[in-house]
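The block underneath contains the structure these notes are about, expressed in structure tokens.
The values are calculated or read from the model by the stated rules, or taken from the named source; none is laboratory data. As the structure is a prediction and not an experimental result, all values here were calculated from the model. Cβ placement follows ideal geometry from the backbone for every residue including glycine, while neighbour counts extend to all protein chains displayed. Note: accessible area is taken over every heavy atom of the protein model, side chains too, but ligands, DNA and RNA are not part of it. Shrake-Rupley method; radii C 1.70, N 1.55, O 1.52, S 1.80 Å.
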Amino acid sequence: MASSGYSKWLTATIAVALAAAFSASTAISLYICRKKSKKLSLKVEELESSLYSSLKKCIAERQGRIRAQKELRDALAQSNSEPLEETCYPMTPIGFVQSCFSTRNGTPRQPLLVPLARACLIFNSSRVPQASLEGLSEYSHCWIIYVFHLNTDLQKLWKHPSRSKFKAKVRVPRLKGGKMGVFATRTPHRPCPIGLTVAKVEAVEGNVVLLSGVDLVDGTPILDIKPYLSYCDSIEGAAVPKWVMEDNMFTVASVSFSEGFSSSLADCWQIAGKKSMYASPDEFQCLIKQVLSWDIRSLSQRNQPHDPASNKVNGKASNGFAESDCDHDELDSIHERDEVYSDNVIYHLILEGVDVSYKINCNGNVIVEKAIVSPAVDRNGNQNRISYSTWRDKTNSVD
């Protein structure tokens, strides 16, 4: 009996001890949790205070920049020594173009006329982080703002406006040499030689944008690109003068290739093909046909294409027009003529360092004669030039 009472007492004592231990453990845990919670609350308050301080600082800095910019504009506007219209805004190219058009001769008059015309826009990574191009590949086309760097009138930009001799009117091929105000045309001879074009976005990878349908010559400096927005960039019912729509004067009747052209292209492809953006001589030949499907000769060449008495300057036929008089359509389509015959004229088109010679008869039929590697274009000078294998890999990675 006594043993049974002792056992109950022992059990009760143990239970009380365990309860006390549990209570003590719970109390310690609660204390630790409260302490951690207090520290966490203090940390949150500290971070919130720091964030609020940073936001106030950013707002103050932004207001300061806005105020400084306004004061600068006001000072420029009120300056008597330097009128606002003479103020310069520094702009540095953010990238350059590697194009299939080695020279401006033969570069299309407008964008998208030659779907196979390819180019790579390579951005300066020190000025344009790769993150800047995120999302561009989701657009089918983009606007490109560039510099007419081969404009023969660039030296006039460094002269005072009163001595620059910029002409208010330029000759327009669609008007058969008639003149039109410079701002009613797309001539490169402008007070500010800035061009605007649109191109199809094939792929975006790293700091490189692959484009097609371009009308940009190799080496063109790029100032900016913007996505093409069809809902606002395409204006339904937009009106243009009738002379702008006269494209039939630039089309040719047919484009054919001589019997020996394929072999001549195959020979020069062994060198040119290594740095070409095209898969094969056959694809490159398709590019040639697309380019020559438009009459890319200058206005004077079309008016007097078979004149044996054409003036020659350094072995090249002169077109009779001052370059400063020509429109973009006119200037960029002036071709070299190395050989002049009484019956025909041989013209030259240089694509990706390949000199393509051709004839065009009075009926508008183009006959492409042969292709050779052009000695006038140094294709070995740029070892980083995009080749077809790189083009294929980048476009396939997007697909």
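Please enumerate the residues belonging to segment 168-194 that are open to solvent by 90 Å² or more (accessible area, probe 1.4 Å) and not hydrophobic (A, V, I, L, M, F, W, C).
K169, K176, K179, R186
Every residue in segment 135-151 that is outside any helix (DSSP H, G or I) and within 15 Å of the chain's Cα centre (by Cα), please.
Residues satisfying the conditions are Y139, S140, H141, C142, W143, I144, I145, Y146, V147, F148, H149.
V44 versus (1) at pLDDT 85 or above; (2) over 30 Å from I144 (Cβ atoms): which is the lone unmet condition?
(1)
Taking L112 as the residue in question, decide whether it is assigned to a loop (DSSP other than H, G, I, E, B), surrounded by fewer than 18 Cβ atoms within 10 Å (Cβ to Cβ) and either modelled with pLDDT of 95 or more or out of contact with any Cys (no Cβ under 6 Å at 6 or more places or on another chain) (or both).
For L112, the condition - assigned to a loop (DSSP other than H, G, I, E, B), surrounded by fewer than 18 Cβ atoms within 10 Å (Cβ to Cβ) and either modelled with pLDDT of 95 or more or out of contact with any Cys (no Cβ under 6 Å at 6 or more places or on another chain) (or both) - is met.
Please enumerate the residues belonging to segment 167-191 that are part of a loop (DSSP other than H, G, I, E, B) and within 27 Å of the chain's Cα centre (by Cα).
V172, T185, R186, T187, P188, H189, R190, P191
Conditions tested, residue by residue: (1) of a type in the set (V, I, T); (2) open to solvent by less than 10 Å² (accessible area, probe 1.4 Å); (3) more than 30 Å from K156 (Cα to Cα); (4) modelled with pLDDT of 85 or more.
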position	(1), (2), (3), (4)
S324	no, no, no, no
E330	no, yes, no, no
H335	no, yes, no, no
G353	no, yes, yes, yes
N363	no, no, yes, yes
V366	yes, yes, yes, yes
A371	no, yes, yes, yes
R379	no, no, yes, no
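Looking at E259 and the list (1) among the acidic types (D, E); (2) closer than 22 Å to R297 by Cβ; (3) surrounded by fewer than 18 Cβ atoms within 10 Å (Cβ to Cβ), which single condition is not satisfied?
(2)
State yes or no: is G237 farther than 22 Å from Y358 by Cα, exposed (fewer than 15 other Cβ atoms within 10 Å of the Cβ) and in contact with a helix residue (DSSP H, G or I) (Cβ under 6 Å, 6 or more places away or on another chain)?
No.
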